[in-house]
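The structure appears below as structure tokens.
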Amino acid sequence: MKKLFCLVALCLFLPIPFSSALTFNINYDSSVTVLTNAAQVEAAFATAAQAFHDLYTNEATINLTIYWGPTGPFSGGISLGRSQFLLIDATYAQITNALHLHRASAADTNSVASLPATDPSGTGNWVVPLAEARVLGLYPKSNSTEDGEIGFATNVSYTFDPNNRSVTGKFDFIAVAQHELSEVLGRATTELDASFGFLPYDLFRFTNSGIRSLDLSTTTNAYFSVDNGVTRLKFFYTNHLAGDIQDWKSSGTPDSFDAFSSSGHLNPLSTVDITALDVLGYNGLPLEPPHLYFTNLAGGNFQLRFVNSPGASFTVLAATNAAQPLATWFVLGAATESAAGQFQFTDTTATNKFRFYTVRSP
């Protein structure tokens, strides 16, 4: 018989107080408000924005205007969704100093630690999306200046229901909205015109461990990493002639930030998506002590499950005496995140052992 005990010990990187949340001031152009289903469209976009409001605690107000079809700034046409946004000039030192000040997670800490001490661009031309500049303290956190515009195509069918986002023949509108909104927030690059300026997101493109790539037009194997290129989290799409190179190269699992989407699929925000904005300065919710759930598995294995902030890192430890110093508990391994915010760990060495468990972050 196994006696179980849960002791939660969290070691957190929380240098910034979490007292607010990201706020969106959304203006709908007349191309939206005249639609017969305008209420549906506006409610679905509000749902998409609410996800970022719930995920990130930065005190900043982002001003957006939403368009429907080839009108206004998108008169040239829209294939599915498009975005555009204001940029402000900044130096490499200003950007890296701001990222240092806004680190609030293990991913932040690792990504900032890997940034070169000197400007790796060779040009000195750096720009920051206005929304990200607000978050990083490089621009007023709230004023009437518009941060960006987002447009949606009119020649496709969408599903707007947040509870039914996988509908045959229809595109997941909330995913498209989150894709474009994340670009306004800073998940972007200037792509081919390096003379115009590099963006903070370009700092997290790698082609190998320790090899950062700012050759945006010709590199074909760039990937997103937050630990100096050691871990390949997602590969970037690289054909600039056919898509956006800041997007993910599509894989077997649909993702909101993929370069291309097909109808009939739910395209959720993934843990890597959340991390991408995290390392750009968007701080997540503080970690709360998780409530652990336990399951005895076949063969004497033992599984722990819990829910917490998406993208967080957790380590599972064990001991034979709950009173012994935490430093003497032995590490079993890292909990894995199966879906955003849902963690689990299977102890395959638990057979016929008397153990206490603890979870810490990281």
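The values are calculated or read from the model by the stated rules, or taken from the named source; none is laboratory data. Being a predicted model, the structure only gives us computed values, none of them experimental. Counting neighbours? That spans all protein chains shown, and the Cβs are built from the backbone with ideal geometry, glycine included.
Annotations
- T295 vs. criteria more than 24 Å from D54 (Cα to Cα), among the polar types (S, T, N, Q) and in the same structural domain as N110 (by TED's automatic domain parsing): no
- Selection count where residues are farther than 20 Å from G229 by Cα and modelled with pLDDT under 95, scope segment 90-103: 2
- In segment 319-333, the residue that is surrounded by the most Cβ atoms within 10 Å (Cβ to Cβ) out of those that are part of a strand (DSSP E or B) and modelled with pLDDT of 90 or more is L332.
- Considering segment 323-347, the residues that are small (G, A, S) and out of contact with any Leu (no Cβ under 8 Å at 6 or more places or on another chain) include one that is nearest to G299 (Cα to Cα), namely G333.
- Picking from residues in segment 210-262 that are aromatic (F, W, Y) and not in a strand (DSSP E or B), the one that is surrounded by the most Cβ atoms within 10 Å (Cβ to Cβ) is F257.
- Among (1) within 15 Å of the chain's Cα centre (by Cα); (2) of a type in the set (A, V, I, L, M, F, W, C); (3) in a loop (DSSP other than H, G, I, E, B), the one test that V184 misses: (3)
Quick grid of which residues meet (1) touching a Gly at 6+ places or on another chain (Cβ under 9 Å); (2) buried (at least 17 other Cβ atoms within 10 Å of the Cβ):
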| site | (1), (2) |
| --- | --- |
| G72 | yes, no |
| T96 | no, yes |
| A107 | yes, yes |
| N110 | no, yes |
| G122 | no, no |
| W126 | yes, yes |
| L130 | yes, yes |
| V135 | yes, yes |
| K141 | no, no |
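- Within segment 267-291, being surrounded by 22 or more Cβ atoms within 10 Å (Cβ to Cβ) and either assigned to a helix (DSSP H, G or I) or at pLDDT below 85 (or both) holds for D273, I274, T275, A276, L277, D278, G284.
- Tally, over segment 46-66, of residues that are farther than 20 Å from A188 by Cα and modelled with pLDDT of 95 or more: 2
- Restricting segment 25-53 to residues that are in contact with a helix residue (DSSP H, G or I) (Cβ under 7 Å, 6 or more places away or on another chain) and in contact (Cβ under 8 Å) with a residue 60 or more places away in the chain, the residue that is surrounded by the most Cβ atoms within 10 Å (Cβ to Cβ): F45
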